[in-house]
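Presented below is the structure to which this report refers.
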Amino acid sequence: MSRIIPKTIRARRLEALLAGVERGSLFDFKGLLEEWPSDITSSKRALCVLLEHLRADRVPELDLRNAGEAAYKLLLCRESFNVLSGVLDRMEKMREDHVRELYVVLQEHLPDLLAWFSFLGENSAVIAPEAATQFGPLVAANTLRRLLDKDRVKYLQADVPALEKLVDIVLSMWMDSVPDDVSEDDEYLEPDDYNKYVYPIFRTFWSCVKEESTREIVVQKMLAFDKASHRRLAHCFTYRCEEWATTYLDDEDSMDNCSDFVATVMLSQMLSRAVPAFSRILAKSAFAAVVMESAMNFPLVTTKPRVVPIPVQIARLMLYPQPSNAFECLQIVPELLEYGLIDILVHQLLAPRPPGSDPFRDWAGRKPLAWLYHMSYHPRISDALYYSIDRLSEETREVLWKSPNSKDYWPIFRRGVDLYEKAYEPLDPIYPEDEGCIEMITLCDNLEHEAVSGHPIEFIDSVQCSGCQVTVYCSEACQRHDWKAFHRQECARDRLYRINRQLEGGWISHRTRMMLFRVSHRIIESSIPLLNVMPHTRNLKIVVFADHTNYPLTLNFFELSVFLDVAHGGKRKIFSDERSMALIREYEVQENDKHHLIAGIAPFGEYFILTLGRFVERPRPVPIYREEGEWEDISNSDSDEGVSEEGDGSDDDLEKDFEAADSGESEEVASRDHREGCNADDDDAPTQCASTHSGDPDDLVEVEMPHLVLANGFVRVIPVIENGQPLDITVPPNLFTHTLSKKDLDKLPCII
């Protein structure tokens, strides 16, 4: 008898509560949630009573003439959604068959709920204007997050249109939850307010993107976005990251609450991988700079065990998955470097760890130093990397070379990127009158340039073909000659090639192409001594193949006939086009050893950059100040080490604004002040670097020095993946392979 009475009392109490809810008694809503029935029949009845207040026809019209009625409906709406959210939370402990039956009731009322969700998302302050401007979306988000829970969203998948509408509301709430214009005077929320008003909206969006079925809907809707919508979404991600960092900057528990910041960055990366158009907009926005700068405001060291510092977490996310295309690489990587990526990597290198362990073992298999080395082949990234390393203190740089934790990583990385850094430095003028004229485009794609023009390729300025904008020439005579020989057949094809590469972000401008040949120039200089000491290479036509995909750089030396078998994907010969074969034949017929052929391959996002260049050794007068005892040493020297960096005589001796040849991708290669003198630690530095002179023009004399000049060359960008299949470079057996050693790399700055 004692067991029957409580059930009867509970039943009567439930009836009273349901009657009160039906009448709209605000007090009874809370009581109903506290005494929610456990049997499925009563649960379904209570849910139906609750949902009556959320019918679509009860959505109020915001009109001052019926403000009192609208306010009462909104209060009932708020209490109804509070109870519904509580019931959805209770489902975690219910039997699955009970949850399924309750979701059947919810599906019957989904059209009504959608009407209310839309109303609340679009009218942010209607529930309680005095509380917060985001209170309307907050009420909707609290319920939507529970409704779309990963364990229960399966019950809604049968109603695809309704599910799509729910996801659309969530996406709209996320995008509309930030102000359009942001100024420095805007005040961000306090941590408590952030957790109350921003967290529910973020967690709802996170649930949609994390769950596969709803993520597909989000992606499909984003694929239909216009540019303005993509920019709005990118702005939302940027604002939320900056807002979190500002809110928690001085908070002692920032490490405990950083999951929102990290997850926001993770969401941006997930969506950018799935929607290429959004990826480009996000890369062009300030997102990467804001995220890295915000992360670097927090300490790189934490006292809490097994807690990864915020900057390290963000760096791992921004590099994994790595920027997947060339456009992203050029946009994002310089910003990451500018705002502290190198500082994070240095901290990882020097942080205490077990002997022999990988400093980047927690980076999901990523080798960030090797990845940055590969990216630095491009001048823009090399320049940003130079500045970021230059900002390190002298003490830090010294420790990096000597510390047991970093000595197996940093020296290899630093010597590798030094090759590109030195090659891309602004050139010193040979003569004082050349100063200010050293960065013009010095290229000519006429393979018989010298025979037609009568002067070397280094003393020219170039203009591009107006049809394809791919080939460049020093004069109309060279253009006419090349048109008859090759370009008539390739102009239309080259135009299509350029347009495709520009659309995909893989276009290499003429200025960048010229600078890539500087790398080839330096590599050939280092290769000549190697070939001279190899007896079995004499009387052979040797091709140097620089493989920049390896870390560090490796040089493969092929006999010419073997080199022609280098293939892309094992089947398509990468140097078999008519222009390449003509360049190779020109090298083959040369009878002296003053001609050199160098090819190269480097990763560039979703592409490989291929280079092929023929260089010629010829004497060139170099101005040197006469000094007692030094002049004789220089003039009688047969070694290339007698040439100083200041008198390098590289391909670029003149500089002026290049207007016609650099169309296509808007690319500026940042210039930096040329460092004077040589490396103080370089034992092989020539004597001139340390010498002093009066500067008297009468002491200036000319000496003929061996000098490499680019005779012909081209750069091509080919896809890594073709027809959905990854294609690798197939390299045939070579004479020998040489990895640039410390001595080679140390000599490079003073070889040219």
Residue hits (region 579-622; open to solvent by 20 Å² or more (accessible area, probe 1.4 Å) and under 35 Å from the mean Cα position of the chain (by Cα)) are R579, P603, G605, E606, F608
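For (1) open to solvent by less than 30 Å² (accessible area, probe 1.4 Å); (2) within 22 Å of R316 (Cα to Cα); (3) modelled with pLDDT under 90; (4) in contact with a Leu (Cβ under 8 Å, 6 or more places away or on another chain), each residue gets a yes or a no:
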position	(1), (2), (3), (4)
I381	yes, yes, no, yes
D390	no, no, no, no
V399	no, no, no, yes
S406	yes, yes, no, yes
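Where in region 170-279 are there helices (runs of 4 or more DSSP H), lying fully within it, with 2 or more residues that are in contact (Cβ under 8 Å) with a residue 60 or more places away in the chain and open to solvent by 50 Å² or more (accessible area, probe 1.4 Å)?
199-210
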Out of the residues in region 17-43 that are farther than 26 Å from R100 by Cα and open to solvent by 50 Å² or more (accessible area, probe 1.4 Å), which is modelled with the highest pLDDT? R23
Among residues of region 355-379, those that are of a type in the set (S, T, Y) and open to solvent by 10 Å² or more (accessible area, probe 1.4 Å), counted: 1
Selection status of L14, open to solvent by less than 50 Å² (accessible area, probe 1.4 Å), modelled with pLDDT under 90, over 53 Å from the mean Cα position of the chain (by Cα) and on the phi < 0 side of the Ramachandran plot: yes
Looking only at region 308-321, count how many residues are open to solvent by 50 Å² or more (accessible area, probe 1.4 Å) and part of a loop (DSSP other than H, G, I, E, B). 2
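Within 16 Å of the chain's Cα centre (by Cα), open to solvent by 40 Å² or more (accessible area, probe 1.4 Å), of a type outside the set (V, I, T) and more than 20 Å from L516 (Cβ to Cβ): is that true of E394 in this structure? Explain how you work it out, then say what you get.
Numbers: within 16 Å of the chain's Cα centre (by Cα): no; open to solvent by 40 Å² or more (accessible area, probe 1.4 Å): yes; of a type outside the set (V, I, T): yes; more than 20 Å from L516 (Cβ to Cβ): yes.
In short, no.
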Helices (runs of 4 or more DSSP H) wholly in region 477-570 with at least 3 residues that are touching a residue at least 60 places away in the same chain (Cβ under 8 Å) - which ones? 488-504, 510-532
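Determine which member of the set D57, D89 is at pLDDT 90 or above and not small (G, A, S).
It is D89.
The values are calculated or read from the model by the stated rules, or taken from the named source; none is laboratory data. All of these numbers come straight from a predicted model, not from anything done at the bench. Note that each Cβ is placed from the backbone with ideal geometry, even for glycine, and that neighbours are counted across all protein chains shown. The area values use the complete protein model at the heavy-atom level, side chains included, leaving out ligands, DNA and RNA. Shrake-Rupley method; radii C 1.70, N 1.55, O 1.52, S 1.80 Å.
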